[in-house]
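Only one structure is covered here, and it is reproduced in the block below.
The values are calculated or read from the model by the stated rules, or taken from the named source; none is laboratory data. Please read all numbers here as calculations on a predicted model, not as lab measurements. Because the Cβ atoms are built from the backbone with ideal geometry, glycine has one as well, and the counts that use them run over all protein chains shown.
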Amino acid sequence: MELSIDQARTLIEKHLQDPNNRIHSRESEVVLRAIAKELNEDEDLYGMAGYLHDLDWEKTAETPEKHGLITPEILKEEGYEIPEESIHAIAAHNEQYTGVKRENNLDYAVAAGESITGLIYSYALMRPEHIEGMKPKSLNKKFKDKNFAAKVSRELIADIEKTGIEKSRFFEIAIQAMKEISSEIGF
């Protein structure tokens, strides 16, 4: 059976116990939907791939080479299917460990979109007004500072340009998407 967004939310609740992982999944969903809109792509396809990209995170924390590869097994066990291109993008967002290469807009968008959420969230935490009023230019300064949110991959974020979206525009899109769910993510 094809997975609905409500069913996906139930799966996230079941398989991700850490509230921060749930928040990250939701942030990734809205950022991916915004990227899809910018690219005139299927917002549901992109959003679902973003939402589910870390579904197996807590199961694979000790085996990073499996992260992104266990999600299809979880979905199958739960009786759900998602498009093959989503399965590929989920595995490819962890290309460094899985060896699954990013090849198309969805692949690049998932990797960049889920990565930018960490940069934005970290920056919002240190601002008195949090995400409100955050500008792409100031986010870019944090992007350039390799010591800030050091675990966030700048390479994956920069890969958004392989979709044809400029980095500064991507920052604007992602900030706006996360701002729209600010109350859900604690801002």
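General observations
- Matching option when the condition is under 13 Å from Ala174 (Cβ atoms) and surrounded by 14 or more Cβ atoms within 10 Å (Cβ to Cβ), among Val152, Val100: Val152
- Residue that is closer than 20 Å to Glu2 by Cα and at pLDDT 95 or above, where the choices are Ile74, Ile116: Ile74
- Listed by position, the helices (runs of 4 or more DSSP H) inside segment 55-98 whose residues that are in contact (Cβ under 8 Å) with a residue 40 or more places away in the chain number at least 2 are 71-78, 84-92.
- Subset of segment 142-181 that is of a type in the set (D, E, K, R), more than 24 Å from Asn40 (Cα to Cα) and part of a loop (DSSP other than H, G, I, E, B) - its residue that is nearest to the chain's Cα centre (by Cα): Lys151
- Met126 vs. criteria surrounded by 19 or more Cβ atoms within 10 Å (Cβ to Cβ), over 23 Å from Ile5 (Cβ atoms) and more than 17 Å from the chain's Cα centre (by Cα): no
- Residues within segment 123-133 that are closer than 27 Å to Asn105 by Cβ and out of contact with any Phe, Trp or Tyr (no Cβ under 7 Å at 6 or more places or on another chain), tallied: 1
- Some residue of segment 4-27 being at pLDDT below 95, surrounded by fewer than 23 Cβ atoms within 10 Å (Cβ to Cβ) and not in a helix (DSSP H, G or I): yes
- The set of residues in segment 1-52 that are touching a residue at least 40 places away in the same chain (Cβ under 8 Å) and of a type in the set (Val, Ile, Thr) comprises Ile5, Ile12, Ile23, Val30, Val31, Ile35.
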